[in-house]
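Q: Got a structure here, written out as structure tokens. Questions coming.
Nothing in this text is a laboratory measurement; each read-out follows from the coordinates by a stated rule. Nothing here was measured: the structure is a model prediction, and the numbers come from that model. Note that each Cβ is placed from the backbone with ideal geometry, even for glycine, and that neighbours are counted across all protein chains shown.
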Amino acid sequence: MHLDRTRIAIRERGALETLDLALHVLREFIVPLTITMVIGALPLAMLNEIVIGWMVYYDPELPLTAEVFGNGFRYIWTMALLVTVEAPLASVFTTTYLGHAVFTDRPRFRTVWRDVIRVLPRIAMVQLLMRGVLPALLLAVVIDRHVSVSGSDVLLAFFVLFVCLFRSVRPFINEIILLERAPMHAKDPNVLTVQRRSSLLHVPSSTDLKYRYLIAAVSAGLLATALFGAMLTLQGVLFDHWTPGTLSIRLAWPLALWITAGFFTVVRFLNYLNVRIRQEGWEVELRMRAEVVRLAQSGLR
């Protein structure tokens with residue numbers, strides 16, 4: 001490991017430049033990032049299908065009535081809300097891999113798995129309870145099947161909006177727990193707990209974080225829609241079936257959402273590096289630490 005020879009250049013970047021860099025990172029690490037994202041997302045995707053799969057029941061041969069279209073839209077909307085809340089939890093393996101990939105040429109999946117398991121109770125507490133994954137799933141479970149829009153639908157939408165607003169100013173909880181390994185509680189007042197570290201990292205950059213989150217949110221919506229449209233177009237070209245049916249919606253839409261979630265996991269990680277560089281002079285710190293290591297190895301301490 002060479003602290004001053006990182007795979008990703010450690011320097012401050014703008015929001016649009018970060019999106020561009022994320023594409024390059026995704027191209028460079030496409031296979032391991034796909035594997036780690038599938039490991040985290042697949043259980044949640046299956047759970048989502050169990051919870052709200054009943055919303056899409058129509059036959060593509062039936063006429064596209066208002067009722068049929070409404071149920072398809074209900075599924076698309078609810079699935080988008082659930083994936084939005086679940087994406088940080090699904091990305092824990094991907095985030096950990098990226099943390100290793102900055103300094104290591106070929107991070108081992110065994111190391112990534114071990115690091116995630118080590119902090120799993122903290123991640124579970126923060127993401128399932130404090131970041132709303134479990135409440136969102138419970139709200140989706142109690143959605144009324146006999147009406148087109150129920151109170152649970154509305155409550156779920158407002159709940160996800162609240163989660164997004166909170167996440168926009170505190171986006172790097174995963175990085176703090178997985179990469180910095182901050183504890184939830186500590187008796188020593190000098191120890192940086194998750195809450196203390198979160199305040200130190202997020203508060204000085206709150207305005208910039210909101211701006212970047214807004215750009216990411218708009219870009220994510222456009223990307224997911226474009227991917228979904230591309231999949232439906234591919235279905236039409238290959239099978240001459242241009243009407244979105246039950247199977248295509250239940251497969252293509254969640255897949256488009258999870259691909260988008262994986263890409264913006266990379267974006268979030270790069271934004272995390274950006275904040276650390278701006279606030280903590282991380283680039284200088286890494287160079288100094290690398291020099292200390294060299295001196296120690298040469299016996300000149």
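Q: Taking 0.36 nm per intervening residue step and subtracting the Cα-Cα distance, what contour gain separates L23 from A217 on full extension?
A: Computed gain between L23 and A217 is 68.2 nm.
Q: By average Cβ neighbour count within 10 Å, what is the ranking of 95-101, 45-51 from highest down?
A: Averaged packing, sorted descending, gives the order 95-101, 45-51.
Q: Still on this model: Can you work out the FRET efficiency for the pair A157 and L234, with r the C-beta to C-beta distance and R0 = 22 Å, to the nearest 0.05?
A: 0.15
Q: While we're here: On a full-extension model of 0.36 nm per residue, what is the gain between V169 and D208, subtracting their alpha-carbon distance, rounded to one decimal in nm?
A: Answer, rounded to one decimal: 13.1 nm.
Q: Another one. Starting with the fewest neighbours, write out V85, V38, V147 ranked by other beta-carbon atoms found within 10 Å of each beta-carbon.
A: By the 10 Å Cβ count, ascending, the order reads V147, V38, V85.
Q: As a footprinting exposure proxy, order W77, W258 by other Cβ within 10 Å, with the fewest listed first.
A: Sorted ascending by nearby Cβ count, the order is W77, W258.
Q: What are the extents of the Cα atoms of segment 75-223 along their three principal axes, listed from largest to smallest and rounded to whole Å?
A: That gives 51, 34, 33 Å along the principal axes, largest extent first.
Q: What nm value, rounded to one decimal, do you get for the distance between I117 and V142 when each label is placed 7 Å out toward the C-beta?
A: Here the modelled spin labels are 3.7 nm apart.
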